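Below is one structure, written out as structure tokens, with a few remarks after it.
The values are calculated or read from the model by the stated rules, or taken from the named source; none is laboratory data. In this text the structure is predicted, and so the values were computed from the model without any measurement. Here the Cβ is made from the backbone with ideal geometry for all residues, glycine too, and neighbour counts use every protein chain on show. Quick note on the areas: whole protein, heavy atoms, side chains included, nothing else; ligands and nucleic acids left out. Shrake-Rupley method; radii C 1.70, N 1.55, O 1.52, S 1.80 Å.
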Amino acid sequence: MPCSACSPPRSLLASWVPIIGDPLTLVAGVLREPLWRFLVIVTLAKAGRYIVLVAVALRLAA
């Protein structure tokens with residue numbers, strides 16, 4: 001059963017959260033989430049985290 005059948009892939013958008021992110025990615029792998037979709041969603045989520053961190057740091061530095 002593909003992961004999208006049991007849990008929406010959008011749950012992987014929380015992969016950037018420190019404590020729950022790693023278990024979410026593990027469950028996605030066990031449930032056979034398609035690799036291309038996994039990479040796109042997790043990359044967007046983790047890149048978004050760093051974009052927000054840089055924006056906050058630049059704002060604090062100004």
Next on the checklist: Given the DSSP H assignment, sum -39500 (n - 2.57) over each helix run of at least 4 residues in the chain and divide by its residue total; what's the result at 222 nm in deg cm²/dmol, nearest 500?
Outcome noted: -21000 deg cm²/dmol
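Residues with beta-carbon under 15 Å from that of Val40, excluding Val40: net charge, scoring Lys, Arg +1 and Asp, Glu -1?
+2
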Next on the checklist: Placing +1 on the Cβ of each Lys and Arg and -1 on the Cβ of each Asp and Glu in the chain, which of Val42, Ala61, Ser15 has its Cα farthest towards the positive end of the resulting dipole?
Outcome noted: Ala61
Item to check | Compactness of the chain, expressed as Rg and Dmax over alpha-carbon positions, Å | outcome: 13.8, 50
Item to check | Amide proton proximity set for Glu33, modelled H, under 5 Å, gap of 5+ | outcome: Cys3
Item to check | Net dipole in debye of the chain [+1 Lys, Arg Cβ; -1 Asp, Glu Cβ; about Cα centre; nearest 20] | outcome: 140
Checklist entry - Any idea of Thr43's accessible area? Nearest 10 Å², probe 1.4 Å. => result 90
Checklist entry - How large is ³J(HN,Hα) for each residue in region 47-55, as worked out from phi by the Karplus curve 6.51 cos²θ - 1.76 cosθ + 1.60 (θ = phi - 60°), to whole Hz, x for Gly and Pro? => result 5, x, 4, 6, 5, 5, 4, 5, 4
